[in-house]
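The values are calculated or read from the model by the stated rules, or taken from the named source; none is laboratory data. Owing to the predicted nature of the structure, the values given are computational and were not obtained by experimental measurement. All Cβ positions, glycine included, derive from the backbone under ideal geometry; neighbour counts span all protein chains shown. All accessible areas refer to the heavy atoms of the entire protein, side chains included, with ligands and DNA or RNA removed. Shrake-Rupley method; radii C 1.70, N 1.55, O 1.52, S 1.80 Å.
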Amino acid sequence: MLPRRLEATRIARVKAALFIVCLMPLGLLVWRGFTGGLTANPIEFITHTTGWWALSFLMITLAVTPIRRLLEMPWLLRLRRMLGLYAFFYASLHFLMWLVVDQFFDWEAIVKDIAKRPYISVGFAAFLLLLPLAATSTNAMVRRLGATRWQLLHRLVYLTATLGVVHFWWLVKKDIREPAVFAMILIMLLGARLVTRWRKRALPLVSSAQRE
Amino acid sequence: MKIRRKSDIQSSEITPEPIFRGRRKWIAAAAAVGAASAIPIARLFDDAPAVHAAARLGPLKTSRFSTSEPRTTYEAVTMYNNFYEFGFEKDEPARNAHTLRTRPWTITIDGEVKKQRTFDIDQLLKLAPLEERVYRLRCVEAWSMVVPWIGYPLSALIKQTEPTGNAKFVQFTTLHDPQQMPGQRVPLLDWPYVEGLRLDEAMHPLTLLTLGLYGEVLPNQNGAPVRVVVPWKYGFKSPKSIVRIRLTEKQPKTTWNQTAPTEYGFYSNVNPTLDHPWSQAKERRIGEFLKRQTLMFNGYADEVGALYAGMNLKKFF
């Protein structure tokens, strides 16, 4: 591990770089917009692309904890909030594309869609569940809630990610290969947590990686 | 008879070659950098090339069935396709369909016919006068286009074979050759693709044996060299790259119906009041921003409504 003193500045640099990298999917969409590369159906393309990235960022966020344990790099945790907020950012773009651009404030159709179409109900629920997580993402909110309650609340992300994968699975017409890959990744990420829990029970001593 | 001359205006809508070549250089550079990236990332960069070099067809008759609505651009019609034989993404058929060999090509018509016949593509091109038919195309995925197809009524072909009194239905079969159609190497659908119509639907003057679009022979990704277009039904009812037409007494099996019988009915007439898992009330016309209302029978109710008089369209969806 690197000395603590150096760590803080390095982490700041890594975070700055990560911030730019996470904006790239949006940048690519904008670039495609200027070069006419958004296919013949740009609205559908943007909706699908932002949805895909929202789900991907959820998976990346969920990967932080198992990876930091595996590599014994506790500082990776410092990147998790940004990744989670990017998942919320792309999910918001995805949701707004559907609400504003696709449905164009046709409230009757919107309500009907949410109530009658399971894949939309599930996607909508996943988005709603992200809202309290994003709202309580600041340091001040963590303090206000207290670490235990905050952590309990943020376990909602497991449910959100599951609903997100189900949403993707149910909406595809036939080719479920991509949603299946997401499902496999999610199972691995949730499974890694179960393994850790089981080990913790087996060994009452808390390992150094768990101490934050 | 007025002979319609097609101007070359459509080609101006295609990205000029130097631009897309330059774009491709950029793409190559980006691809090298992002070689380790996931496929969807690569897809963000990759533009399918616009090919607009097919042989022209003519002379063409005009048709009273043509709509005067603005046509969807040639680029959109040929680069936004559902043709799973060449990939499951909309941009894949345009990139992959070059492997299809459209000559020699024959269609065999058999089953409940007095004269079983096989026609090659040159015979088909001369069997009846070619017409331009500008039709609305409504996909089950709730988008639509306006396409200037070229062909003649399918009835002209079927009449050549003298259907027997037992013939009640028509089944169409798409070419099955995984060598030419890479999508068929993936068992996502039960290949080959089959579709079907009731005989009176197949004989209806709107049902078009289609050999071209936009004044030219069909591009491979649009179902070359010969397909059927049934404009009042969802797009998947219009089979592509057909090699066999079989007349039957019993309702034939059709691919999407077999795949998901509760979602895809045998009839699959465009019907804004009947939901798929998703709503069919509206559609996005490609090139337009706001959705428009979907019309019963895709706006062809006056022509085809009588075919379904007295039928429960909720039951026979």
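The table for this structure:
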| item | result |
| --- | --- |
| Where B:F65 falls short, out of the listed (1) at pLDDT 95 or above; (2) in a helix (DSSP H, G or I) | (2) |
| The stretch B:182-198, subset under 18 Å from the mean Cα position of the chain (by Cα) and among the hydrophobic types (A, V, I, L, M, F, W, C), residue nearest to B:N269 (Cα to Cα) | B:L197 |
| Where B:V243 falls short, out of the listed (1) within 14 Å of chain A (Cβ to nearest Cβ); (2) more than 18 Å from B:E201 (Cα to Cα); (3) open to solvent by 10 Å² or more (accessible area, probe 1.4 Å) | (1) |
| Pairs with Cβ under 9 Å, 6+ apart, first in the stretch B:87-102 and more than 12 Å from chain A (Cβ to nearest Cβ) and within 23 Å of B:F119 (Cα to Cα), second in a loop (DSSP other than H, G, I, E, B) and acidic (D, E) | B:L100/B:D177; B:R101/B:D177 |
| Some residue of the stretch B:169-181 being surrounded by 21 or more Cβ atoms within 10 Å (Cβ to Cβ) and under 26 Å from A:F45 (Cβ atoms) | yes |
| Residues located in the stretch A:111-129, provided they are surrounded by 16 or more Cβ atoms within 10 Å (Cβ to Cβ) and farther than 15 Å from B:D275 by Cβ | A:V122, A:G123, A:F124, A:A125, A:A126, A:F127, A:L129 |
| Residues of the stretch A:12-63 satisfying the condition of being aromatic (F, W, Y), open to solvent by 40 Å² or more (accessible area, probe 1.4 Å) and at pLDDT 95 or above | A:F19, A:W52 |
| Qualifying positions in the stretch B:101-120 - open to solvent by 10 Å² or more (accessible area, probe 1.4 Å) and either closer than 29 Å to B:M79 by Cβ or among the charged types (D, E, K, R) (or both) | B:R101, B:T102, B:R103, B:P104, B:W105, B:T106, B:D110, B:E112, B:K114, B:K115, B:R117, B:D120 |
| Among (1) surrounded by fewer than 22 Cβ atoms within 10 Å (Cβ to Cβ); (2) acidic (D, E); (3) within 22 Å of B:T73 (Cα to Cα), the one test that B:E283 misses | (1) |
| Helices (runs of 4 or more DSSP H) lying entirely in the stretch A:63-154 (those with 1 or more residues that are within 14 Å of chain B (Cβ to nearest Cβ) and touching a strand residue (DSSP E or B) at 6+ places or on another chain (Cβ under 9 Å)) | A:107-116 |
| Subset of the stretch A:64-88 (residues that are in contact (Cβ under 8 Å) with a residue 24 or more places away in the chain, open to solvent by 40 Å² or more (accessible area, probe 1.4 Å) and within 25 Å of A:G123 (Cβ to Cβ)) | A:R81, A:L85, A:F88 |
| Enumeration of residues in the stretch B:268-279 that are out of contact with any strand residue (DSSP E or B) (no Cβ under 9 Å at 6 or more places or on another chain) and either open to solvent by less than 30 Å² (accessible area, probe 1.4 Å) or not assigned by TED's automatic domain parsing to the domain that holds B:Y234 (or both) | B:N271, B:H276 |
| Boolean, A:R199 is open to solvent by less than 40 Å² (accessible area, probe 1.4 Å), charged (D, E, K, R) and within 15 Å of A:T65 (Cβ to Cβ) | no |
| Matching residues in the stretch B:278-317 - criterion: being in contact with a Leu (Cβ under 9 Å, 6 or more places away or on another chain) and among the hydroxyl-bearing types (S, T, Y) | B:Y300 |
| Any hit, the stretch B:189-203, residues being under 24 Å from B:A301 (Cα atoms), assigned to a loop (DSSP other than H, G, I, E, B) and assigned by TED's automatic domain parsing to the domain that holds B:L125 | yes |
| Near pairs, Cβ below 6 angstrom, 6+ apart or cross-chain, from the stretch B:131-143 (touching a residue at least 60 places away in the same chain (Cβ under 8 Å) and closer than 18 Å to B:G265 by Cα) to any residue that is of a type outside the set (D, E) and in a loop (DSSP other than H, G, I, E, B) | B:R138/B:V270; B:V140/B:Y234 |
| All positions within the stretch B:252-271 that are part of a loop (DSSP other than H, G, I, E, B), on the phi < 0 side of the Ramachandran plot and more than 12 Å from every other protein chain (Cβ to nearest Cβ) | B:P252, B:K253, B:T254, B:P261, B:T262, B:G265, B:F266, B:Y267, B:V270, B:N271 |
| From B:E201, B:E249, residue being closer than 22 Å to B:G111 by Cβ, surrounded by fewer than 20 Cβ atoms within 10 Å (Cβ to Cβ) and either within 19 Å of the chain's Cα centre (by Cα) or not basic (K, R) (or both) | B:E249 |
| Options B:V77, B:V113, B:V134: the member that is within 14 Å of chain A (Cβ to nearest Cβ) and among the aliphatic types (A, V, I, L, M) | B:V77 |
| Failed condition for A:P74, given (1) in contact with an Asp or Glu (Cβ under 7 Å, 6 or more places away or on another chain); (2) modelled with pLDDT of 90 or more; (3) more than 28 Å from A:F168 (Cβ to Cβ) | (2) |
| Top-ranked residue of the stretch B:286-309 - restricted to ones that are of a type in the set (D, E, K, R) and within 13 Å of chain A (Cβ to nearest Cβ), ranked as surrounded by the most Cβ atoms within 10 Å (Cβ to Cβ) | B:K291 |
| Qualifying residue in the stretch B:39-50 (condition: surrounded by fewer than 16 Cβ atoms within 10 Å (Cβ to Cβ) and modelled with pLDDT of 55 or more) | no |
| Residue tally, condition away from every other protein chain (no Cβ under 11 Å) and under 24 Å from the mean Cα position of the chain (by Cα), over the stretch A:27-46 | 2 |
| Residue count for the stretch B:256-267, restricted to those that are open to solvent by 10 Å² or more (accessible area, probe 1.4 Å), within 20 Å of B:F172 (Cβ to Cβ) and among the hydroxyl-bearing types (S, T, Y) | 2 |
